[in-house]
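A.B. asks: Quick one: this structure, given as structure tokens, is what I'll be asking you about.
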Amino acid sequence: MERRSRDDAEAVPRFEPLEPRLLLSDVGGHITTDTVWNNTAEPYRLTQPLFVDPGVTLTLAPGVTLRSDAYYNDLYVDGRLESTGATLELLST
């Protein structure tokens with residue numbers, strides 16, 4: 001049996017690391033125009049107090065998840081908050 005040296009071994013492919021992916025959409029501050037949150041960018045995470053300004057509607061689409069940091073969990077609605085969902089697509093917090 002012929003012995004092979006390390007230099008004769010087939011090259012092992014090198015892989016570049018993947019870019020980090022954000023798993024949460026950070027939200028906070030003032031919502032100043034009508035806004036719809038859908039479940040394509042979820043879950044949403046409050047990283048500072050969230051204000052829905054007067055005359056503005058924030059709509060949470062079916063399947064949206066809203067989470068908060070332990071410190072930032074304030075949601076102030078001076079406008080309108082709408083949520084829609086079906087029995088199998090409830091909103092969760």
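The values are calculated or read from the model by the stated rules, or taken from the named source; none is laboratory data. Keep in mind that what you see is a predicted model, and the values were worked out from it rather than measured. Here the Cβ positions follow ideal geometry from the backbone for every residue, glycine too, while neighbour counts run over all protein chains shown.
A.B. asks: Just for the stretch 29-42: of the residues that are without any contact (Cβ under 8 Å) to a residue 40 or more places away in the chain and either crowded, with 17+ Cβ neighbours inside 10 Å or under 11 Å from Glu82 (Cβ atoms) (or both), which one is farthest from the chain's Cα centre (by Cα)?
C.D. replies: Asp34
A.B. asks: Would you be able to say whether some residue in the stretch 51-70 is on the phi > 0 side of the Ramachandran plot and either among the β-branched types (Val, Ile, Thr) or at pLDDT below 90 (or both)?
C.D. replies: Yes, some residue in the stretch 51-70 is on the phi > 0 side of the Ramachandran plot and either among the β-branched types (Val, Ile, Thr) or at pLDDT below 90 (or both).
A.B. asks: Out of Arg45, Arg14, Arg21, which single residue is part of a loop (DSSP other than H, G, I, E, B), of a type in the set (Lys, Arg) and at pLDDT 65 or above?
C.D. replies: Exactly one residue qualifies, and that residue is Arg14.
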